[in-house]
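Visitor: Before anything else, here's the structure in question.
Every number in this text was worked out from the coordinates using simple rules, so none of it is lab data. Every value quoted in this text rests on a predicted model; they were computed, and no experiment measured them. Every residue, glycine as well, gets a Cβ built from its backbone with ideal geometry; the counts of neighbours run over all protein chains shown.
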Amino acid sequence: MQSQQGERQPEGIFGGPTSYGDPGFSRFLRGAFLAAAGYDDADLDRPVIGITNLTSDYNPCHRDMPALIEAIRRGVLEAGGIPFLFPTISLGETLLSPTSMLYRNLASMETEELISAQPMDVVVLLGGCDKTVPAQLMAAAVATVPTILEVVGPMLTGSYEGERLGACTDCRRLWSEYRGGNIDDGGITKIRHNLATTAGTCMVMGTASTMALITETLGMMLPEGATAPAPTGDRLRHGVATGRRAVELATKGPLASEVLTRAAFENALRVLTAVGGSTNAIVHLLAIAGRTDVTLTLDDVEQIASTTPLLVDLKPSGRGYMEDLHHAGGLPAILATLAPLLHLDHVGVSGRPLRELIDAGAAPPRWQEVIAPLDAPLGAVGSLAVLRGSLAPDGAIIKVAAATPTLLHHTGPALVFDSVEEATIRLADEDLEVTKDHVLVLRNAGPRGAAMPEAGSLPIPRRLVREGVRDMVRVSDARMSGTSYGTVVLHCAPESAAGGPLALVRDGDSIRLDLSERRIDLLVDEGELARRRAEFIAPALPRRGWRRLFVEHVLPANQGADLDFLTFDGEGGSTNRP
Ligand code: FES
């Protein structure tokens, strides 16, 4: 609640009374049950800091979360608050079927409602694995109490026969070698035991790393929080600082809706491009912005991506891992390097403008080789690009930094797969008629079709792997893992399940990718396309439950794939709604 002086007035544990028709009785009963839990009046006078608990056996990335929760709790207690832990859905990327993306919006709704329904003056949203942080930012955007994020931090690297290994760029690369017969069963077993050696999130520039950097850039996490590895004291100390700061936010704010400004999103897109970040972050940023009064579109993505060079040398587009970036100064060092391109007056949960944080000595140390200077970047501007054309009138994405340069201007015959399952079977078939010049097309994998699985980086046909082919042009309405690489056109919109142009492609049609023109085109005349469009039959709706609700309400990828009834309506946050 906001006081007349602009300071927030914490409501504490007796805020938002349970509705029994007698507020006095609600307060009495709440006090009685909390007394049973060991809280006395001195405890219950303090500002309440909610902390999300996403610990789950189904989420190995969050294995060390209990220790971090204890660190945050300590910070809260030291600063005079009282911590209240509560569980929310934990989305573990590798243990969810068919894809964690089906549940991002559900996690976000649950988080939003629990912040609104339970008494808390501030909430610390503690996440990590890919979809958890986007879901939390989407919830934060509409929260009516101040919100601060913390992440579990990246894993440390492993090794195999002298080579550093990291999840999951090396997972895909080495699995591909195994499929092609270049690694034996013993080798792949050793690799499996050394790819993900500690607790924490994938330590390449995948979605979790990208979203952690974006969260810090947006100003929703304290500085230096994105890169500290999960098993380190740096991570725990950042947790303590987050707990302390959360208590200050109880009276000072800001709300996330005041932090998530256009300047914040533009800074985030700069960082996304400069780090060669995950294409998934584009969908997530569009969804987060969609919950605010900021209008963010693929045109903004293209405008900023096309004027921002690649600066950070991390896999999958480079060589290093998150621990290297952390030693090189982490996000503050990236921001200091990118400063001429950033909005430096932006203020986040630290309460200090970005300019001040950078002035505080954030420049990368001279000895490091992870962050390149702005005047000698690692790659030209445009490590991400937005494509349009007859195959994606509403837009598609390509991660240029992860593509093969010679394939970025390519025309070839289509080879079409109607589902991920069909592609899996046929691409493993040694007799599949395919050449390296084919364009592999996957459809029915957009938001409505299949909740956008990370299937867009289709495997290279097994026979071609044996022949040494490592990349081909691939086109789909799916996403791809931030850890993937290849010449992969993603997020084609409108999607095929909604009758988009991908639904009209037939085997043998010519498809042209032209990066210079930012185009992806199906070279079939309009008369023939009209005939095919008339034959289109939309897939059946799921019969019941969340999947039915999701398909009936999900927005297209170019609008963030949020649900249409969760986007900004000009009416404020969740507790303002009836
Ligand atoms: Fe959890 Fe990669 S699987 S971050």
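Visitor: Given a Förster distance of 41 Å, report the FRET efficiency between A117 and R164 from their Cβ-Cβ distance, rounded to the nearest 0.05.
Guide: After rounding to 0.05, the efficiency reads 0.35.
Visitor: Something else now. For segment 252-333, what Kirkwood radius comes out of the mean inverse Cα-Cα distance, in Å?
Guide: Evaluated on segment 252-333, it is 13.9 Å.
Visitor: Which of rounded, prolate, oblate describes segment 403-471, given a ≥ b ≥ c as roots of the alpha-carbon gyration tensor eigenvalues and a/c under 1.5 marking rounded, otherwise prolate only if a/b is larger than b/c? Provide the component values of the computation, followed by the final result.
Guide: Numbers: a/c = 1.95, a/b = 1.33, b/c = 1.47.
Judged from the Cα gyration tensor, segment 403-471 comes out oblate (a/c at least 1.5, b/c at or above a/b).
Visitor: Once amide H atoms are built 1.01 Å from N in the peptide plane, which residues 5 or more positions from T308, or in another chain, come under 5 Å H to H?
Guide: Those qualifying (amide H under 5 Å, at least 5 residues apart or on another chain) are G382.
Visitor: Let me ask something additional. Could you compute Rg(Cα) / (2.2 N^0.38 Å) for segment 358-423, with N its residue count?
Guide: 1.75
Visitor: Which FRET efficiency, nearest 0.05, do E356 and A540 yield, Cβ-Cβ r, R0 51 Å?
Guide: After rounding, the FRET efficiency stands at 0.35.
Visitor: Okay, next question. Identify the residues of segment 541-567 with backbone N under 17 Å of a label point that sits 7 angstrom from the Cα of S19 along the Cα-to-Cβ direction, or state none.
Guide: No residue qualifies, since no backbone N sits under 17 Å from the label point.
Visitor: Shifting gears a bit: Rounded to two decimals, what is the ratio between the C-alpha radius of gyration of the chain and 2.2 N^0.38 Å?
Guide: Here the answer is 0.97, to two decimals.
Visitor: So how tilted is helix 23-36 from the main axis of the chain? Cα-based, degrees 0 to 90, rounded to 10.
Guide: 80
Visitor: Further question on the same structure: What's the local net charge at L523, with K and R +1, D and E -1, over the other residues with C-beta under 13 Å away?
Guide: Residues near L523 contribute -3 overall.
Visitor: Can you sort F417, F568 from fewest to most other Cβ atoms within 10 Å of each residue's own Cβ? The partial results should precede the final answer.
Guide: Working: F417 22, F568 16.
Ranked by crowding around the Cβ, least crowded first: F568, F417.
Visitor: Grab the other residues whose beta carbon is less than 11 angstrom from that of P542, score K and R as +1, D and E as -1, and report the net.
Guide: +4
Visitor: Packing-wise, with mean Cβ within 10 Å as the measure, how do 291-301, 221-231, 256-266, 143-153 rank, highest first? Working shown, then result.
Guide: On the way: 291-301: 18.3, 221-231: 24.5, 256-266: 21.5, 143-153: 28.5.
Order by mean packing, descending: 143-153, 221-231, 256-266, 291-301.
Visitor: For segment 427-578, restrict the atom set to alpha-carbon positions and state the Rg and Dmax in Å.
Guide: Values for segment 427-578 (Cα only, Rg and Dmax): 18.1, 62 Å.
Visitor: Just to be sure I understand: if I project the alpha-carbon convex hull of segment 344-486 onto a plane and average over all orientations, what area do I get in nm²?
Guide: Directional mean of the projected Cα hull area for segment 344-486 stands at 12.8 nm².
Visitor: Here is a further query. Please give the charge dipole size of the chain, origin at the Cα centre, charges +1 on K and R Cβ atoms and -1 on D and E Cβ atoms. Round to the nearest 20 debye. Walk me through the intermediate numbers first.
Guide: Values: 52 positive and 70 negative charges, 84 e Å.
Charge dipole of the chain: 400 debye, to the nearest 20.
Visitor: Then there is this: Using square roots of five times the C-alpha gyration tensor eigenvalues, list the equivalent-ellipsoid semi-axes of segment 24-119 in whole Å, biggest first.
Guide: Rounded to whole Å, the semi-axes are 30, 17, 11.
Visitor: Residue farthest toward the positive end of the dipole of the chain, with Cβ of Lys/Arg at +1 and Asp/Glu at -1: which of L255, G456, A32?
Guide: Farthest towards the positive end: G456.
Visitor: I would also like to ask the following. Taking the 0 to 90 degree range and rounding to the nearest ten, how far is the long axis of helix 101-117 tilted relative to the main principal axis of the chain, both from C-alpha atoms?
Guide: It is inclined by approximately 10 degrees.
Visitor: Need the full-extension length gain, L432 to A37, defined as separation in residues times 0.36 nm minus the C-alpha distance. One decimal, nm.
Guide: Length gained, L432 through A37: 135.8 nm.
Visitor: Something else about it: Just to be sure I follow: if Rg is taken over the C-alpha atoms of segment 1-63 and Rh is the Kirkwood radius over the same atoms, what is Rg/Rh?
Guide: Working: Rg = 16.1 Å, Rh = 14.4 Å.
Using only Cα positions, Rg/Rh for segment 1-63 is 1.12.
Visitor: Next question. Place the peptides 58-65, 462-469, 73-80, 424-431 in order of packing, highest mean first, counting for every residue the other Cβ atoms within 10 Å and averaging per peptide.
Guide: So the peptides 58-65, 462-469, 73-80, 424-431, ranked by packing, come out 58-65, 73-80, 462-469, 424-431.
Visitor: Further question on the same structure: Sorted from largest down, give the three principal axis spans of the alpha carbons of segment 93-161, whole angstrom values.
Guide: That works out to 52, 26, 16 Å along the principal axes.
Visitor: Along Cα→Cβ, 7 Å out, is where each label goes; now give me the distance between the ones at F565 and D45 in nm to one decimal.
Guide: 4.4
Visitor: FRET efficiency for R262 and Y58, Cβ-Cβ distance as r, R0 = 60 Å, nearest 0.05?
Guide: Taking R0 as 60 Å, the efficiency between R262 and Y58 is 0.95.
Visitor: Any chance you could list the semi-axes, whole Å, largest first, of the equivalent ellipsoid that the Cα gyration tensor gives for segment 159-245, using √(5λ)?
Guide: Working from the Cα gyration tensor, I get semi-axes of 33, 14, 7 Å.
Visitor: Next up: According to a simple spin-label model (label point 7 Å from Cα along Cα-to-Cβ), what is the distance in nm between D184 and R532?
Guide: For R532 paired with D184, the spin-label model returns 4.7 nm.
Visitor: Let me ask you something else. D514 versus L95, label points 7 Å from Cα toward the beta carbon: distance in nm?
Guide: In this crude label model, D514 to L95 measures out at 4.9 nm.
Visitor: Considering amide H positions built from the backbone, and no H for Pro or chain starts, which residues 5 or more places from L374, or on another chain, come under 5 Å of its amide H?
Guide: none
Visitor: Near H491, within a Cβ-to-Cβ distance under 10 Å, what is the net charge of the other residues, with Lys and Arg +1 and Asp and Glu -1?
Guide: Numbers: positive: R479; negative: D394, D477, E495.
Within the 10 Å Cβ shell, the charges total -2.
Visitor: Against the longest alpha carbon principal axis of the chain, how many degrees, from 0 to 90 and to the nearest 10, is the axis of helix 233-252 turned?
Guide: 60
Visitor: Something else about it: Arrange the peptides 541-550, 109-118 so that the one whose residues have, on average, the most other Cβ atoms within 10 Å appears first.
Guide: Packing proxy ranking, top to bottom: 109-118, 541-550.
Visitor: Per residue of segment 138-148, what does 6.51 cos²θ - 1.76 cosθ + 1.60 with θ = phi - 60° give for ³J(HN,Hα)? Whole Hz please, x for Gly and Pro, Karplus curve as stated.
Guide: Coupling constants for segment 138-148: 5, 5, 4, 4, 10, 6, 9, 10, x, 10, 9 Hz.
Visitor: Within 10 Å of each candidate Cβ there may be at most 14 other Cβ atoms; applying that plus a DSSP loop requirement, which trypsin sites (Lys or Arg not before Pro) in segment 469-523 survive? Provide the component values of the computation, followed by the final result.
Guide: Details: sites: R470, R474, R479, R506, R512, R518, R519; in loops: R470, R479, R506, R518.
Hits after loop and neighbour filter: R506.
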